[in-house]
1. Tell me which of these Glu128 doesn't satisfy, since it passes every other one: (1) surrounded by 14 or more Cβ atoms within 10 Å (Cβ to Cβ); (2) in contact (Cβ under 8 Å) with a residue 40 or more places away in the chain.
2. For a quick check of your reading of the model, give me the residue pairs whose first member lies in segment 58-77 and is over 24 Å from Phe134 (Cβ atoms), whose second is among the charged types (D, E, K, R) and at pLDDT 75 or above, with beta-carbon atoms closer than 8 Å and at least 6 apart or on different chains.
3. Residues that are among the hydroxyl-bearing types (Ser, Thr, Tyr), at pLDDT 95 or above and in the same structural domain as Arg55 (by TED's automatic domain parsing), at least 2 per element: which helices (runs of 4 or more DSSP H) completely within segment 103-155 meet that?
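The values are calculated or read from the model by the stated rules, or taken from the named source; none is laboratory data. Because the structure is predicted, anything quoted here is derived from the model rather than measured. For neighbour counting, all protein chains shown are included, and Cβ atoms are generated from backbone atoms with ideal geometry for every residue, glycine included.
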Amino acid sequence: MDAGIEKRSDEPWYDDARAALAAEEAGEFSTDEQLAELAMREFPLYFARFGDRERAYLESLRSEVPNPDPLRLFNLEIVQTFDLRPELAQITVPTLVIAGDDDFITGPVCATEVAEGIAGAELVVLPETGHFIFYEAPTAFRDAVLSFLGAVAPA
């Protein structure tokens, strides 16, 4: 995870975003509003590049207030043992796995492992994108989904 984040270490928001991510992962929030503020501070890490367009997108999300309880439970208890990789072989339907090549959370390594665990899965890694691939590369994301759907749609 750190390798993808470290290449952004020269950004002015980097130290604050890393601190917010660490606080969120440690469960250092008790209200919906505190979690929302941590998310806003850490989200620049989720983009391959964080500029005015991405900043405006995050501002559009500001009114969305998450429920902290499920995230705290996941971060503090579930993530340590949560692993569905052994179950992937049970997926028998056509599957598309998409990742951004700069996604530090579920990037190419994770996406490749998921795709390799599902027979016949198609893997698409979008260049110069982070976790918000649908926003950072909407045309490439749409094209990948439409191509996949066209390939699996009944004639």
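1. It fails just one condition, (1).
2. Pro68/Asp32
3. Numbers: elements: 108-117, 133-136, 138-152.
Per the criteria, no element qualifies.
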